[in-house]
Amino acid sequence: MVVRITSNSQSVGADVNEIFFGYYLTNNWNDFINSKKIQQELEDRSKRLSKEEVSDQKGRAKEMAKITREWMKNNGYCGKIVKKWWPKQNSGMISQAVGYEVDLDKNPLDILILTDKEKFLGLSAKSTKGSGKPPFKNPGLGSIESDLKLKLKHHYEDAVKEMLKKYPELPKINSERKKIFKADRKFYEENIQSSIFVQHTFEGIQEDMYDKLISLSQKELWNYIKDSWMDAGFLQPPYIIVTGRGTNDKFTADVDNRHDLNIQDLTIKKVGSDKIRIFSKEKKLLDMRVKFESNHMATSIKFSGE
């Protein structure tokens, strides 16, 4: 089993939630493929979180498993779950299980299950403390450039040049600037975090994306949104999004089935300097928000589909 290394606490918590979620689907470890390895991964990751965080992830996972079983019963997945996989983004494992090629960059399942009726179902797990919806997806700048056939990085590079003119003492290399910004929070917060350099970066990217998107037909726009932002196309194996919420023994969960989307009359609007909002029949469908991975003007540019 190939397991990718998880670096930050938020991702570690998500991993713990996913494994508990898989367990509580059947309240059994034995039907997990690579069960011993997964249990070891759970133990290792749990040690990197507080007891409260582990308890919250466990509580959300129980509710997620409960509502998933209910959804399966009502949507043609009757029968017993006989096998479970936790791929940790290992496409090869899932492709081998289902017998055809699966790209987990396009099909965002975190758990794969097989019923005794020989039906596969993917489960995309989301875990959050609050009541809002977690991001759909977090594509990188390169993915957006490739999908839209745009060159966007130059907006950041131009803003960096302007920043270095004003603050020539700052290093040219991102990683070195990040160290300085982390060490001198006062300078960062007063001069960089909400600066004109950040604004110019976001506005330039927003404007070019907006111009491209409004040039697309309704069909082209929906194809782009569903494939690159919402993973809502016809995917095999089929998947549902299961979101667990809450803290302190107060937990809820819900299911989002992307195949139920009824998309009509798509419109586009710029919001602030960092978002493009997509509407369907005047109802918000998606925000495409540009952001920095962490420290502004010192880390890579990413996006958040919200």
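Filtering 107, 17, 27, 90 for residues that are polar (S, T, N, Q) and loosely packed, with under 14 Cβ neighbours inside 10 Å leaves a single hit, 27. Would you check if there is a residue in the range 14-28 being at pLDDT below 95, out of contact with any strand residue (DSSP E or B) (no Cβ under 7 Å at 6 or more places or on another chain) and in a loop (DSSP other than H, G, I, E, B)? Scanning the range 14-28, I find no residue that is at pLDDT below 95, out of contact with any strand residue (DSSP E or B) (no Cβ under 7 Å at 6 or more places or on another chain) and in a loop (DSSP other than H, G, I, E, B), so the answer is no.
Please find, within the range 217-276, the residue that is modelled with the lowest pLDDT out of those that are small (Gly, Ala, Ser) and within 17 Å of residue 137 (Cα to Cα). It comes out as 233. If you check 253, 232 for being among the small types (Gly, Ala, Ser), assigned to a loop (DSSP other than H, G, I, E, B) and either touching a Cys at 6+ places or on another chain (Cβ under 8 Å) or closer than 30 Å to residue 63 by Cα (or both), only one passes: 232. Taking the criterion of being of a type in the set (Phe, Trp, Tyr) and crowded, with 16+ Cβ neighbours inside 10 Å, the residues of the range 269-306 that qualify are 292, 303.
Within the range 76-90, the set of residues being of a type in the set (A, V, I, L, M, F, W, C) and outside any loop (DSSP other than H, G, I, E, B) comprises 81, 82, 85. Across the range 192-229, the qualifying residues are those that are of a type in the set (S, T, N, Q), buried (at least 17 other Cβ atoms within 10 Å of the Cβ) and in a helix (DSSP H, G or I), and the one among them that is farthest from the chain's Cα centre (by Cα) is 201. Looking at 150, 104, just one residue is at pLDDT 95 or above and either hydrophobic (A, V, I, L, M, F, W, C) or outside any loop (DSSP other than H, G, I, E, B) (or both), and that residue is 150.
Note on the range 29-58: among residues that are within 22 Å of the chain's Cα centre (by Cα) and part of a loop (DSSP other than H, G, I, E, B), the one that is farthest from residue 244 (Cα to Cα) is 48. Confirm whether residue 253 is under 27 Å from residue 159 (Cα atoms), buried (at least 18 other Cβ atoms within 10 Å of the Cβ) and touching a helix residue (DSSP H, G or I) at 6+ places or on another chain (Cβ under 9 Å). Against the criterion (under 27 Å from residue 159 (Cα atoms), buried (at least 18 other Cβ atoms within 10 Å of the Cβ) and touching a helix residue (DSSP H, G or I) at 6+ places or on another chain (Cβ under 9 Å)), residue 253 does not qualify. Residue 123 satisfies every condition listed in (1) of a type outside the set (Gly, Ala, Ser); (2) surrounded by fewer than 16 Cβ atoms within 10 Å (Cβ to Cβ); (3) outside any helix (DSSP H, G or I) except (2). Tallying residues that are exposed (fewer than 11 other Cβ atoms within 10 Å of the Cβ), outside any loop (DSSP other than H, G, I, E, B) and within 28 Å of the chain's Cα centre (by Cα) within the range 158-176 yields 1. Listed conditions (1) of a type in the set (A, V, I, L, M); (2) over 19 Å from residue 149 (Cβ atoms); (3) without any contact (Cβ under 8 Å) to a residue 60 or more places away in the chain are all met by residue 221, apart from (2). Close contacts from the range 146-170, counting a first residue that is in the same structural domain as residue 296 (by TED's automatic domain parsing) and over 30 Å from residue 221 (Cα atoms) and a second that is charged (D, E, K, R) and loosely packed, with under 11 Cβ neighbours inside 10 Å, with Cβ to Cβ under 7 Å and a gap of 6+ residues or different chains, come to 164/172.
Annotation note: of 135, 87, the sole residue that is under 26 Å from residue 14 (Cα atoms), touching a residue at least 60 places away in the same chain (Cβ under 8 Å) and within 17 Å of the chain's Cα centre (by Cα) is 135.
So which residues in the range 262-303 are of a type in the set (Lys, Arg) and outside any strand (DSSP E or B)? Of everything in the range 262-303, just one residue is of a type in the set (Lys, Arg) and outside any strand (DSSP E or B), namely 281.
The values are calculated or read from the model by the stated rules, or taken from the named source; none is laboratory data. No experiment lies behind these values; they were computed from the predicted model shown. Methodologically, a virtual Cβ is constructed for each residue, glycine included, from the backbone with ideal geometry; neighbour enumeration extends over all protein chains shown.
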